[in-house]
Amino acid sequence: MSQREPECFGGRRIEEREEREKRDWFGLFEFGFFLILIGTILLVTPNVFSRIENFFKDFDLKAVEIYPNIFLPAPRSDHPGVYTAVMYFCLVYGLFEIIILLLRFAQKSPIDKKAGTLGGIVFWLGAGVLANTLVTDGSTFWFLFLGGLIVLIGLSIIVRSLATLFSRPAQK
């Protein structure tokens, strides 16, 4: 019997099943908190549904011409209620991610989970800071907000990759 024979007859499937059975309880906890936080923001913000509706109705589809005949939509006026709700959501979720990261270190979670949480911290806290610019300065910084979100997505991926790369044990 060769070394690879158990692979051919399903020996690896048992290992894969055991690996899948190790649930990411922190990930499920994060998802639950995400839903609870959305519900809380919706309950705490007065007239939130009418504010969100007014926000989307206020978009001007030809607000800024970035290139000949290419336009980007932007809100015509400020919507501080919506911006404040988004800012609080991002900041609270970012702080919650910090707690999850500490718990992941305490429970000795795999490094890819810790790195993913670190990337989430960078994204959510950064998005909260960017949303704060909308709250304080209004829709004049709408495109700064959108561009900043794109940059934060890339930065989050870079942080996650660097954390994974630098935490690997040294090769002999």
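Could you tell me which residue out of Leu165, Tyr67, Leu125 lies farthest along the dipole of segment 24-166 toward its positive end? Charges go on the beta carbon: Lys and Arg +1, Asp and Glu -1, centred on the Cα centre.
Of Leu165, Tyr67, Leu125, it is Leu165.
On a full-extension model of 0.36 nm per residue, what is the gain between Phe49 and Phe31, subtracting their alpha-carbon distance, rounded to one decimal in nm?
Between Phe49 and Phe31, full extension yields 4.2 nm more.
Out of Ile38, Val92, Ser109, whose Cα points farthest toward the positive end of the dipole of segment 24-166 (charges: +1 Lys, Arg; -1 Asp, Glu; placed on Cβ)?
Ser109
May I ask which residue of Phe49, Leu152, Leu134 lies farthest towards the positive end of the charge dipole of segment 24-166, with charges of +1 (Lys, Arg) and -1 (Asp, Glu) on Cβ and the Cα centre as origin?
Going by the charge dipole, the pick is Leu152.
Using the Karplus equation 6.51 cos²θ - 1.76 cosθ + 1.60 (θ = phi - 60°), what ³J(HN,Hα) coupling, rounded to whole Hz, does each residue of segment 27-43 give in order, writing x for Gly and Pro?
Karplus values, whole Hz, x for Gly and Pro: x, 5, 5, 4, 5, x, 5, 4, 5, 5, 5, 4, x, 5, 4, 5, 6.
Would you mind calculating the gained length between Arg23 and Thr136 on full extension (0.36 nm times residue separation, minus the Cα-Cα distance), in nm to one decimal?
The span from Arg23 to Thr136 would gain 36.5 nm if fully extended.
Spin-label point model (7 Å from Cα, Cβ direction): what's the Ile38 to Gln107 distance in nm?
For Ile38 paired with Gln107, the spin-label model returns 2.2 nm.
Size of the dipole of segment 24-166 about the Cα centre, Lys and Arg at +1 and Asp and Glu at -1 on the beta carbon, nothing else charged, in debye to 20?
340
R0 = 25 Å: FRET efficiency of Tyr67 with Ile153, Cβ-based, nearest 0.05?
Values: r = 23 Å, r/R0 = 0.90.
E(calc), rounded to 0.05, equals 0.65.
None of the figures in this text is laboratory data; all of them are computed from the coordinates on show. Computed from a predicted structure; not experimentally measured. Neighbour counts run over all protein chains shown; Cβ positions are idealised from the backbone, glycine included.
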